[in-house]
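Participant: Can you keep this structure in mind? I'll have questions shortly.
Since every read-out is calculated from the coordinates, none of them should be taken as a lab result. Keep in mind that this is a model prediction, so the values were computed, not measured. Reconstructed Cβ throughout: ideal geometry from the backbone, glycine too, with neighbour counts over all protein chains shown.
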């Protein structure tokens, strides 16, 4: 075996930011896992239970916020912009959910910095006139 074969590296077609972005997203999502699971369970209870229309919508808003954050996070890690509806719907549902469920702030606080950043990141290209991928 020569030195040349030992030092040969395989170049993967991955963006230079993807590893760092993936680590940031993972560090944000892991502590918020309890919040995600409770939102799923809360929405499940809403499907089976009988609630008024306004309360029924409120039950599903946290789940919509998590789905929107997931879509934006995945596209951010891929270094691609998502459709403008994801940041808008995610922000609206996230703000209403945060106000409504301020008592469990501890369970979703780790996702807030990522959520704010990816919303700005995804909407910023709209101002510059770039197209979504």
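Participant: Express in whole angstrom the spacing between the alpha-carbon centres of the stretch 108-124 and the stretch 54-100.
Facilitator: Comparing the Cα centres of the stretch 108-124 and the stretch 54-100, I get a distance of 10 Å.
Participant: Pop a pseudo-label 7 angstrom from the Cα along the beta-carbon direction at both residue 70 and residue 117 and give the gap in nm to one decimal.
Facilitator: According to this spin-label approximation, the distance is 2.1 nm.
Participant: What is the mean projected area of the alpha carbon convex hull for the stretch 19-128, to one decimal in square nanometres?
Facilitator: With every direction weighted equally, the projected area is 7.0 nm².
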